[in-house]
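Notes follow once the structure below has been shown.
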Amino acid sequence: MHFSTSNLAFLPWLIFFFINLFPLSHSDPRISEAGLLCDHNRPPPNTSYIPIFVKEMQVLSKLVTANDWGKYHVFNSTPPIYALAQCFQDLSHTDCLLCYAASRTRLPRCLPSVSARIYLDGCFLRYDNHSFYNESTDPVRDRVNCSSSLGKLDRNEAATLKFEKGIGELIDNVTESAVLNGGFGVSAMKGVYGLAQCWKTVSKEGCRECLEKAGKDVKGCFPSREGRALNAGCYFRYSTKKFFSSEAEKLKKHSGVSKIGVTLAIALAAAAFFMVSLFAAYAAYVRMSKKKERSNLRQISNSFNRSGLNFKYETLEKATDFFAPSKKIGQGGAGSVYVGTLPNGTTVAVKRLFFHTRQWVDEFFNEVNIISGVQHRNLVKLLGCSIEGPESLLVYEYFPNKSLDQFLFDKENIQILNWKQRIDIIVGTAEGLAYLHGGAEQRIIHRDIKSSNILLDECLAPKIADFGLARCFAADKTHLSTGIAGTLGYMAPEYIVRGQLTEKADVYSFGVLVLEIVCGKRNNAFIEDSTSVLQTVWKLYKTDKLAESVDPCLKDDFPAKEVCKVLQIGLLCTQASAALRPSMDEVVQMLANEDSEIPMPNQPPFLSTKSLDPTSSTGSYSIYTSISNALTKIEVEVLEEDLHDLKDPKRGICWSMSDREIPGLFLAR
């Protein structure tokens with residue numbers, strides 16, 4: 001079962017297009033989040049709280065669709081669930097549905113809390129374990145939000161507009177208007193605009209009590225240009241910028257039809273026709289997409305049912321103590337990971353994927369299809385999945401030693417890996433990749449080989465994990481052209497520049513990983529001379545001092561000849577030209593055969609990530625639309641003789657890409 005409004009998440013962005021295209025319409029669903037309050041109490045164990053919550057929201061959706069508001073409660077659940085949703089009275093029906101869809105998408109962040117409320121600037125949604133419909137104020141949870149994108153007034157402006165006095169008059173005016181007009185009122189005075197909305201379940205006197213408290217509280221926002229009071233029974237907002245619709249003023253006083261009104265009506269009619277046409281086209285597309293997704297779900301569900309690998313959602317919910325924070329062991333771009341104990345006593349890792357999007361669906365099916373079809377001692381085993389609950393779950397083997405990066409880079413190392421353990425991890429990872437590239441039924445490129453995706457079992461044997469970005473391609477294909485995705489510092493230069501994906505992209509990532517394992521340093525973590533691990537190892541290789549790059553934690557307890565050989569293999573794997581890199585089968589042979597001859601590597605590309613914080617955490621996160629901070633520029637510098645068809649014959653080349661050119665990039669933080 002999925003949240004039925006999750007596929008409406010695109011609508012707020014679509015409506016912005018129409019706002020810009022038809023500025024006369026003043027359509028705005030006002031989906032900015034003013035406040036989200038989550039209670040800390042959770043439902044008792046052994047209850048099916050979330051499925052009941054989903055059913056409650058489905059009923060509420062029908063009521064909002066019909067009336068622009070609704071309340072509903074379920075008595076026969078433990079605990080009971082009471083819910084209320086209401087759009088502000090000035091919103092059109094379309095804008096109301098958009099706002100409600102946005103609120104319903106965001107409110108489940110609070111689950112499995114038994115009480116939560118969300119205030120958007122155009123609507124309100126709340127659920128609780130008691131009947132709150134008559135509540136006007138809540139001394140504990142009532143809030144004021146004084147943040148404003150408009151900034152604050154300076155003293156001169158405040159004096160000119162008599163701002164503070166104007167707010168007081170506005171509050172009194174709007175409060176009285178709302179009490180007399182069924183709980184809704186707007187006003188504009190001395191350059192300040194105000195809106196008040198009481199919930200329809202609150203009495204007239206409760207509305208007055210709520211707004212009077214809101215008015216007192218929101219005065220404390222001065223000199224902010226905006227302020228919001230978020231109370232149990234009402235919402236109040238003031239701003240120096242008009243934010244409510246023109247229809248709201250018509251509710252207050254009626255005026256005759258003017259020429260401007262006729263023009264506006266024509267524009268609105270044209271806009272409405274265009275919107276209806278586009279929505280109809282999109283609805284047809286969504287139906288086709290849903291049909292395909294349902295088919296995929298049925299295929300996966302049937303496959304896992306036949307194999308006995310299909311888990312009940314309730315089983316995994318109980319296994320993880322209802323996804324308790326104390327059970328959380330990891331966070332990735334596609335979801336959170338929890339440790340759980342099945343009824344038979346088996347400990348498993350449960351990957352929880354929440355808030356469904358097209359991209360998420362693709363990654364989920366991709367990971368299930370790929371990893372369920374491969375079996376190798378150095379690959380994490382998928383035990384099953386659950387796709388019939390309110391969110392989809394993947395179940396994997398659990399490894400108490402967690403990931404390799406914690407052994408290599410954690411300042412408070414759990415255990416220092418000796419040389420034999422390190423070389424075993426390198427060889428095991430190489431064998432797992434060689435299997436993906438040629439030993440499985442399909443050629444598989446992982447695309448995100450890095451230390452945090454190498455898990456270690458109780459014997460410290462490596463297991464390659466996280467196949468959300470993996471790609472399969474046919475034997476007759478030389479490469480795939482695809483959007484860039486991966487982790488900065490591990491991505492091959494030809495993939496960054498041209499988006500051309502081959503097995504050699506994994507070879508490059510493996511080479512970086514080898515250097516990190518031997519040196520005990522992260523490739524994009526800068527130290528002292530501000531050079532990457534690649535650059536450091538290359539300089540020492542050119543001066544025949546490779547042994548100096550070995551992790552100091554080993555304290556010279558390692559075979560120098562073997563270490564130099566492994567480092568040379570790492571450099572060979574990270575050459576700028578994909579054609580010069582060995583295959584993973586060849587890498588395995590080099591590592592296994594003491595007498596194998598290692599070709600001389602050329603200088604690898606040097607990746608500069610000066611804008612990243614070298615002290616930040618080891619996790620990675622996915623960015624598919626924009627990168628808000630951390631990264632402003634990527635520079636890949638390669639000597640001309642290593643670039644071949646990409647080279648500038650006169651000098652070394654610097655590729656510079658803005659964040660907007662690389663959607664889908666995973667940044668190592």
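The values are calculated or read from the model by the stated rules, or taken from the named source; none is laboratory data. Small disclaimer: the values here were computed from a predicted structure and weren't measured. For neighbour counting, all protein chains shown are included, and Cβ atoms are generated from backbone atoms with ideal geometry for every residue, glycine included.
A few notes on this one:
- Yes/no for Phe510 being modelled with pLDDT of 80 or more, part of a loop (DSSP other than H, G, I, E, B) and of a type in the set (A, V, I, L, M, F, W, C): no
- One residue from Asp424, Asp448, Asp410 being free of Cβ contacts under 8 Å to residues at least 12 places away in the same chain, at negative phi and acidic (Asp, Glu): Asp410
- Of all residues in region 90-105, those that are within 22 Å of Ala196 (Cβ to Cβ) have Cβ atoms under 6 Å from Cβ atoms of residues that are part of a helix (DSSP H, G or I) and of a type in the set (D, E, K, R), 6 or more apart or on another chain, in Asp90/Glu247.
- Taking region 92-134 as the range and being under 25 Å from Pro43 (Cβ atoms), within 19 Å of the chain's Cα centre (by Cα) and hydrophobic (A, V, I, L, M, F, W, C) as the test, the residues that pass are Leu107, Cys110, Leu111.
- Taken over region 168-220, the criterion of being touching a helix residue (DSSP H, G or I) at 6+ places or on another chain (Cβ under 8 Å), among the acidic types (Asp, Glu) and farther than 13 Å from Tyr235 by Cα is satisfied by Asp172 alone.
- Enumeration of residues in region 565-588 that are crowded, with 20+ Cβ neighbours inside 10 Å, part of a helix (DSSP H, G or I) and either among the aliphatic types (A, V, I, L, M) or at pLDDT below 95 (or both): Val566, Leu567, Ile569, Leu571, Leu572, Met584, Val587
- Failed condition for Arg104, given (1) in a helix (DSSP H, G or I); (2) surrounded by fewer than 20 Cβ atoms within 10 Å (Cβ to Cβ): (2)
- Matching entry among Thr175, Thr201 (being in a helix (DSSP H, G or I) and closer than 28 Å to Lys71 by Cα): Thr175
- The one condition from (1) within 19 Å of Leu84 (Cβ to Cβ); (2) buried (at least 19 other Cβ atoms within 10 Å of the Cβ) that Lys204 does not meet is (2).
- Leu91 vs. criteria more than 16 Å from Ala229 (Cα to Cα) and out of contact with any Phe, Trp or Tyr (no Cβ under 6 Å at 6 or more places or on another chain): yes
- Looking across region 518-538 at every residue that is touching a Leu at 6+ places or on another chain (Cβ under 7 Å) and not β-branched (Val, Ile, Thr), the one that is modelled with the lowest pLDDT is identified as Asn524.
- Residue within region 542-549 that is farther than 25 Å from Glu594 by Cα, assigned to a helix (DSSP H, G or I) and not β-branched (Val, Ile, Thr) present: no
- Residue in region 143-161 that is among the aliphatic types (A, V, I, L, M) and closer than 22 Å to Leu36 by Cα present: yes
- Residues of region 61-74 satisfying the condition of being touching a strand residue (DSSP E or B) at 6+ places or on another chain (Cβ under 9 Å) and without any contact (Cβ under 8 Å) to a residue 40 or more places away in the chain: Lys62, Leu63, Val64, Asp68, Gly70, Tyr72, Val74
- Looking only at residues of region 378-411 that are modelled with pLDDT of 85 or more and among the small types (Gly, Ala, Ser), we find that the one that is farthest from the chain's Cα centre (by Cα) is Gly384.
- Taken over region 23-42, the criterion of being surrounded by fewer than 18 Cβ atoms within 10 Å (Cβ to Cβ) and modelled with pLDDT under 50 is satisfied by Pro23, Leu24, His26.
- Every residue from region 28-41 that is over 24 Å from the mean Cα position of the chain (by Cα) and either of a type in the set (Phe, Trp, Tyr) or over 29 Å from Leu97 (Cβ atoms) (or both): Asn41
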